[in-house]
Amino acid sequence: MNIEILEKRKNGLLGREEIRFRVEHDGATPKREEVVKKLVSILGAEEKLLILDSLKTGHGKREAMGYAKIYDDEETLKDVERIKEEGKDDVNK
């Protein structure tokens, strides 16, 4: 699996960096967990601050396009993201 970063953009308003990337792979599309670990190692980010928003593969292609967000801190991540926790749809009540 090879990951190419296509675009990195700082979003100061939401306290995060937004990354668009391409994953080249042989065989099946890699699992989301594998992609997250590879992005963490490439970008030098903390895994708990990285959100893999989307990973889409075209039919019959050996590449996937992805979008990830790296937050500045956990508090900002919890304020902005809607995370499912213990069966609840929204932890930001």
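Among residues of the range 9-31 that are under 24 Å from Gly58 (Cβ atoms) and polar (S, T, N, Q), those with a Cβ under 8 angstrom from a residue that is assigned to a strand (DSSP E or B) and open to solvent by less than 30 Å² (accessible area, probe 1.4 Å), sequence gap 6+ or separate chain, pair up as Thr29/Val23; Thr29/Ala64. Scanning the range 15-34 for residues that are closer than 22 Å to Val80 by Cα and out of contact with any Asp or Glu (no Cβ under 9 Å at 6 or more places or on another chain) returns Arg32, Glu33.
Taken together, the residues in the range 1-47 that are assigned to a loop (DSSP other than H, G, I, E, B) and open to solvent by 30 Å² or more (accessible area, probe 1.4 Å) amount to 11.
The values are calculated or read from the model by the stated rules, or taken from the named source; none is laboratory data. Values in this document were obtained by computation on a predicted structure and should not be read as measured data. Counting neighbours? That spans all protein chains shown, and the Cβs are built from the backbone with ideal geometry, glycine included. The accessibility values were calculated without ligands, DNA or RNA, using every heavy atom of the protein model including side chains. Shrake-Rupley method; radii C 1.70, N 1.55, O 1.52, S 1.80 Å.
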